[in-house]
1. So which of B:Trp140, B:Trp136 ends up being under 16 Å from B:Leu4 (Cβ atoms) and surrounded by 18 or more Cβ atoms within 10 Å (Cβ to Cβ)?
2. If you scan the range A:764-788, which residues turn out to be more than 15 Å from A:Ser752 (Cα to Cα) and not small (Gly, Ala, Ser)?
3. Based on this model, can you work out whether A:Cys678 counts as part of a helix (DSSP H, G or I) and in contact with a helix residue (DSSP H, G or I) (Cβ under 6 Å, 6 or more places away or on another chain)?
4. Given the criterion modelled with pLDDT of 90 or more, crowded, with 17+ Cβ neighbours inside 10 Å and among the polar types (S, T, N, Q), identify the matching residue among A:Ser250, A:Ser239, A:Ser234.
5. State yes or no: is A:Glu220 away from every other protein chain (no Cβ under 14 Å) and either part of a loop (DSSP other than H, G, I, E, B) or not aromatic (Phe, Trp, Tyr) (or both)?
6. Take the residues of the range B:2-55 that are on the phi > 0 side of the Ramachandran plot and assigned to a loop (DSSP other than H, G, I, E, B): which is farthest from the other protein chains (Cβ to nearest Cβ)?
7. How many residues does the range A:673-717 contain that are within 35 Å of the chain's Cα centre (by Cα) and surrounded by fewer than 19 Cβ atoms within 10 Å (Cβ to Cβ)?
8. From the list A:Tyr1007, A:Tyr1018, pick out the single residue that is farther than 18 Å from A:Ser841 by Cβ, without any contact (Cβ under 8 Å) to a residue 60 or more places away in the chain and among the hydroxyl-bearing types (Ser, Thr, Tyr).
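The values are calculated or read from the model by the stated rules, or taken from the named source; none is laboratory data. Just so it is clear, the model here is predicted, and its values are computed rather than measured. Here Cβ is always computed from backbone atoms with ideal geometry, including for glycine, and neighbour counts include all displayed protein chains.
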Amino acid sequence: MSLNTEKSEEIIQKDEEPFGLGCALEYFAEVDEVLKMIENLKSVVHDQQSVYERAYERYSFILGQYQEQPHLLDTHIEQLLDKFIMFIRDPSFSNEVKHVTFKYMFVLIKVRGYKIIVRHLPHEVSDFEPVLQLLEVQDEEDSETWSTRYVLLLWLSIIVMIPFHMSRLDGFNSSSDTTQKTVMCRVLDVCKQYAVVPDKCRDAAAYLAARFLTRYDVKEQHLASFFDWARKLSVMPDSMVFVKYGCLASVAMILKHGKREDLIQHAPILLRWIINAEFKNDPGTNIQKLVYKNIQRIGLIFLPARVAAWRYQRGSRSLMANLNAGDHGSDTLSKTSSASEEYAENGENINVPDEVEEVIDQLIQGLGSSDCVVRWSAAKGIGRVTGRLPKELADEVVGSVLELFTPREGDSAWHGGSLALAELGRRGLLLPQRLPEVVPVILKALDYDEPRGYSSVGSHIRDAACYVCWSFARAYEMEVLKPFVNDIAAALLVVTCFDREINCRRAASAAFQENVGRQGTFPHGIDILTTADFFEVSIRNNAYLHISIYIAQFEEYTIPLIKHLVDRKVEHWDIAIRELTAKALHNLTPKAVEYMVETVLPNLFKKTDSIDLNSRHGAVLAIGEIIYALSKLVENQNSKVDILLGHDLIDSSQNLISNFQERFYFRGMGGELMRHACCDFINKCSMAHMPFHGNSVIDEWLKLLNECLTYDVANIRLGAVHALPAFFNEYYVSKSQQDQSLVINKYITSLSSSVQVARMGHALALGSLPSFILLPNLRKVIDALIVATHITSDTLKWAESRRDAIKALTSICLTMENYIQTDFLEEYLNNIYTTFLNGLSEYTQDNRGDIGAWVREASMSGLQTLTLLLAKYKSNVLTSELVTKIMSGIAQQAVEKIDRTRALAGKIFYSFIHSNPEVPNIPNKNTLMDLFPENECELINWNSAAITFQKFVKLIELPAYTYNMLLGFVCSVGGLTETLVKNSSTCLFEFFKSEEQEKGLFQITHYCVIIYQIFYDYQKIDRITIPMFRFLCQIMGSGCIATVITDTNSDFPKKILKLVQLELLGCKNIYKLMDGIDLLCQFIQIKSEVCSTALVQLSILLCHRQSYIRKATSSRLYESLIVYGESSTIPEGNLDEAMNLLCSTNWEEAIETVKPIRNALCNLMDIRVPVSKKKA
Amino acid sequence: MRILMLGLDNAGKTTILKRFNGEKIDTISPTLGFNIKTLEHRDYKLNMWDVGGQKSLRSYWRNYFECTDGLIWVVDSADKRRLDDCKLELFTLLKEERLAGATLLVFANKQDLPGAFSATELQEILELDKIRTHHWKIVWCSAVTGENLLNGIDWLIDDIAARIFTLD
């Protein structure tokens, strides 16, 4: 028995291992176990259901592991099958055991594949009759035993290959005795019966049909009638889908395995059937695929196979053969190839029936199917059938495929066409003289990207086009492809760098590699493919911004890459691509300065007039980036950007935004994009030092930026904020102080706006100002920002504007770094600190949850920035009192609820401890250094609750941190998230236990006092009290403060209970009440008046006006009496009766009904009966 | 690789197969039906199909032709009376469409028997030089002693490997 449980545990363990072992296994390790399992099969089947099921699951789990490398089973297949077959042949085995045996066999077949297994099944004459009989007695509709029928059908399919005339198996003379069915007819019946069943046996039946009906003796008698049967059945109007499928599948199998000469007489009829049948328009993938598979195979029946003349010329793939051939290798090759060529030439005289044309037509239709699976099948078909056609006709097929590539055809046709071209190319059927036509089509397909709604179609076409290029690499001689190499290479590299989809970039990279390797004529091939390999191109940013630059250094590719970006990607439908395009153009500018100035920029300015919003947006972004890139170049050459750009482009830039204003391009939905782009444009022009100083365009730009600051889309505000520093730096340095103050005053006024986003935008704007503007107005700005962080009754929920004000203060501190010693009065600094520290206690909530966390995070970052700056420049401000507040505040954040906040707090806390120059006055710094060693903390995952809690919990013992740390832990331990509660509580409880062991009861009492203090300080503040309830409940239940609560001298329980009672008084929050009940129950374990008080309180709740509360109270009370009943104040003799009363009463009944019971209960528990206060 | 082994009855096909497979060869009776063995040699997986060679079975050979990469034709070099028959069957076989392109290895078996024709003699008698449609080679061997079997198989594998993996 114990063995059994061990085993089951192991199963569970194994089950939990991640699936997808890849190819990690090396051999069939469990073979003995599996063999034993098979041997035990008989006893297992007759055992309990659960034993059998467990065994079966274990068995299929073991074999399932080999699904991805089934060949490892090969050496043992024979052995396994022998055992199975023995069971099946043994007449003493019950049918039940046999069914299970077949079920086991199916698992093996599933893993290894039926084609392999079928070869190992015995195929003696003596097997024929038993297998057939067994199959005949099966119930076709029994859904439990389908694997039996499947395996038997499969088995029969190898047995019917025996090379004897079937009539010899009959045992009677069929010509004289007509009463008995011949074996042949019986097998045929089985084929027909199972070919159209709805379960998997259908597949095996099709295989059996193919093997059976193509037999020399059977085909004469039955093949024609079988085809008739399938044709008629499949077109009957009431045939189910799976019946049609079965018919098509069987026919397809026969066409595959049969001998061409036998089938050719049936081919025309079959073709007509397939083409005219109603199911041809069936929308299902399965039927469609079979339709085209059949058409393809019928086509192949019409044409004799040809032996490819070049099959030995493709370079020998066997290393050994090459080495052995030595110097004579080429001789033998040439000799043999002449022989085969002779043979191939004979093939040119083949006679092509008219139906072939029909077949090709149909397959080309299939290429345009809306179903990808069907297109693939059709493309393969085109390749195979064309391979058997004489040259001229094959070329005609290529012509028809090429006709698919017109703008009128949909994307499916383009995709199918590309696949077909690839298949043709791969087989060497695209004649070199066709290349001038094919290559332009493929280049277009590589570029195919048709917008549709908010996305586009075409990635599958581009992917397929890459496949075509890949196939070219393998199909053609170097000389043939040479004229097209540059075009193909450039187009492939464009896709490699700039395709939106990862699969296309990878496909293009692979195709390029194939071409470099096989053709060797691709310019700079090796250099490029080592940089732009399959893995490198997987990250889009990398492909756009780095790989493209590398490739552009080769002059063959520079212009094609840039041209593609400008023509196709600037106006791309995906905004992320447009932004990347602009950045890529920035990076590419140094490679083609003249081209950018003379061609690209004028072109882009033209696009800014476009009615297409995407085009305008992309163009503006791109212009900004290119101008900025050009300015960086001229700076190095001590020249000026206006000289390089020339009058026209400068004018265009200057008028760009006013043109947009005139055309109302900043309005409506599209306006947002244009604003975003223009903010960026202004930013880039400012950085490029465009010569607009003192020009009216400056005022216009500022006006636009100011407008954007109050826009309610965050990205646009940020865009403007981002542009402001560069803008002021460039164009406001020379302005008068008055002008500067004007701007500042306007921003300050808006800080007290009645619109939150206006406050947010302007706060950040003030924070982004450069130091020369800030300096004269420093006091004004800081004061205004500090005021903006205050919570007022109107702005209760505006945590975001407070966050932005705090961020602004932080960035001002940074901007003014050099002035901290001189211009930052201590008064400012203290005010800023107060603001930041206040920010740590912001816990605003709205329907998005704890939005105060943003403020707390911003404040922590502010504290970090300012404190580290002061440590460097003005450490005297950092008094012990201040630093203690900072450190304990941040430490508290490091043990609170939100992972992200905790992580940030942890990092900041750690940065203080190890800062250089040192932050002075950190309390207990040495202990902290030991707790947070530098080398370890660099690598810590600060997001992991399991790790960080363990570290911070130790801070509780340091007096400077105790209060804040416990406050933080109250929130975490009393939190809602399971992992958080688990991690924080285990850490805390373990810490308490070790503290008690090391330092004794005194220390724990001390902590309890502080916990009480926290509770006392936060009375009636639900944010703390609700977690506090859960916290107390947990900690009392955990036993780690047991010594304190059972200490009769301690008044801790009593005081806490008092607070709990106060909290519950008049409480209407049902969740709080429930937590309160749990907590009250914890007091039962304390044998003192506390217990009675808690019981009184609970008995009040037993008659709460909400029935749910009554019920919950009763069940919780019952549970705790089970655990703590003995240690409570309830008289021992009454305990059982009290519990009985509790659980036998339906507390959801009316109060009047339950009240007497409650009162009786109170008497039993030896407490006073609560009397409800009379309402005045 | 799928390899089909054919030849007249009593040529020694099953003996060769059993030799390859390391089985005992003292209890071999005429093959009534067919055998399939999967062998591994030089990292190639060889699926060997051996079909009985009795006259009555020959019309069923066609069932086994598809997907054949290599054909092994086994000749009883000592059975001088039936060499004409042997030649006829071989050339009929080579016309078969589904065997087009397959590599042909002729085993001149039973070289251990006295009076057996040598491989060169057989090449002439069977008019192998007339074969233009297939790569072929004749190799002497003795299935009973196991001599020279490996040479033949190695050549067959090399020839198949040199062209395979290009078309489906």
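1. Values: B:Trp140 fails: under 16 Å from B:Leu4 (Cβ atoms).
Going through B:Trp140, B:Trp136 in turn, just one is under 16 Å from B:Leu4 (Cβ atoms) and surrounded by 18 or more Cβ atoms within 10 Å (Cβ to Cβ): B:Trp136.
2. Step one: list which residues in the range A:764-788 are more than 15 Å from A:Ser752 (Cα to Cα), which gives A:767-779.
Those that are more than 15 Å from A:Ser752 (Cα to Cα) and not small (Gly, Ala, Ser): A:Leu769, A:Pro770, A:Phe772, A:Ile773, A:Leu774, A:Leu775, A:Pro776, A:Asn777, A:Leu778, A:Arg779.
3. On the way: part of a helix (DSSP H, G or I): yes; in contact with a helix residue (DSSP H, G or I) (Cβ under 6 Å, 6 or more places away or on another chain): yes.
In short, yes.
4. Numbers: A:Ser239 fails: modelled with pLDDT of 90 or more; A:Ser234 fails: modelled with pLDDT of 90 or more.
Going through A:Ser250, A:Ser239, A:Ser234 in turn, just one is modelled with pLDDT of 90 or more, crowded, with 17+ Cβ neighbours inside 10 Å and among the polar types (S, T, N, Q): A:Ser250.
5. Numbers: away from every other protein chain (no Cβ under 14 Å): no; either part of a loop (DSSP other than H, G, I, E, B) or not aromatic (Phe, Trp, Tyr) (or both): yes.
Taking the combined requirement at face value, the residue does not satisfy it.
6. At the first step, the residues of the range B:2-55 found to be on the phi > 0 side of the Ramachandran plot are B:7, B:10, B:12, B:22, B:33, B:42-43.
If we keep only those that are assigned to a loop (DSSP other than H, G, I, E, B) as well, we get B:10, B:12, B:22, B:33, B:42-43.
Details: B:Asn10: 16, B:Gly12: 18, B:Gly22: 13, B:Gly33: 5, B:Arg42: 7, B:Asp43: 10 Å.
Here the answer is B:Gly12.
7. Result for the range A:673-717: 4.
8. It is A:Tyr1007.
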